[in-house]
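To start, the structure itself, in structure tokens.
Only the coordinates and a few stated rules stand behind these numbers; no lab work does. None of the values given here were measured: they were computed from a predicted structure. We place every Cβ from the backbone using ideal geometry, glycine too, and count neighbours over all the protein chains shown.
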Amino acid sequence: MEFPTKYLIIVDPQNDFIEGGSLAVDGAKKAMERLSFFVSQNARYYEKIFVTQDFHPENHCSFTENGGTWPKHCVANTNGADIFPKLKEVLADKENVVYTLKGKDVDVDQYSIFSLKDGDVTNKYGKEMLEELQKNPTFHIDICGIAGDVCVLNTANDLVQLIGADRLYILEMFTASLDGGAKLRDFAEKNSIDLI
């Protein structure tokens, strides 16, 4: 029996999304602390751990001051864009971790590392990630992070379109959502995705 290759995608575990940050999500600190312990114990079971990060220019289109939806957050090379410290420490000595960036273009908002447009992956890191996933005939993906109803949801939705829902598992206990998780649970139910 062939066991599937496992991948972990951690979406935007960044300081600005933790309580006290500029775009804080309730429960994010606790979720990232639990995730940090999980990764410390289980990283070796994953072929790759992909960590996505918002990495915005100062004048990014998503910021309210520029007519966007969100307060200024995750500005490139600031503490707010950095990884939650405990998780960063756990990931530091792991050889299977790949960091990926999104939202770098001032005029493009990217809620997903894939940023699908007309069926095509438009983020270069997303293209590389998809190529890695497709190397293995059998694989499954665990996904978690912040925020469950925004970037986690959009990333999961793109994955469903790219590879199908049957390969995807949402690690709910390591995910924090602005809406308490309602949209993510609804998405999982509609697509028959297991919430773990």
What does the charge add up to near residue 181, with Lys and Arg as +1, Asp and Glu as -1, over the other residues with Cβ less than 11 Å from its Cβ? -3
Take the residue pairs 72/117; 72/127; 48/117; 94/183 and return only those whose Cα atoms are more than 30 Å apart. 94/183
Taking region 10-117, which GluC sites (Glu not before Pro) meet the DSSP loop condition and have no more than 10 other C-beta atoms within 10 Å? 95
How far apart, in nanometres, would the label points at residue 42 and residue 127 be if each is projected 7 angstrom from Cα along the Cα-to-Cβ direction? 3.2 nm
Region 5-195 shape via C-alpha gyration tensor axes, a/c threshold 1.5: rounded
Quick one: Cα centre-to-centre distance for region 73-123 and region 1-54, in angstrom? 12 Å
What list of ³J(HN,Hα) values in whole Hz, one per residue of region 143-151 in order, does the Karplus curve 6.51 cos²θ - 1.76 cosθ + 1.60 (θ = phi - 60°) give from phi, with Gly and Pro shown as x? 10, 7, x, 9, 8, x, 8, 10, 6
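Tell me what the chain gives for mean residue ellipticity at 222 nm when only DSSP H runs of n ≥ 4 count, each as -39,500 (n - 2.57), the sum divided by the residue total, rounded to 500 deg cm²/dmol.
My calculation for the chain gives -8000 deg cm²/dmol from helical runs alone.
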Around residue 27, with a cut-off of 14 angstrom between Cβ atoms, what is the net charge of the other residues, counting Lys and Arg +1 and Asp and Glu -1? -3
What full-extension length gain, to one decimal in nm, is calculated for residue 94 and residue 194 as 0.36 nm per residue of separation minus the Cα-Cα distance? 33.3 nm
For residue 121, what charge total do you get from the other residues with a beta carbon under 10 Å from its beta carbon, if Lys and Arg give +1 and Asp and Glu give -1? -1
Rounded to the nearest 0.05, what FRET efficiency do residue 26 and residue 58 give with R0 = 30 Å and r taken as the Cβ-Cβ distance? Could you check? 0.65
Output the relative contact order of the chain, whole-number percent, from Cα pairs under 8 angstrom with separation of 6+ residues. 25 percent
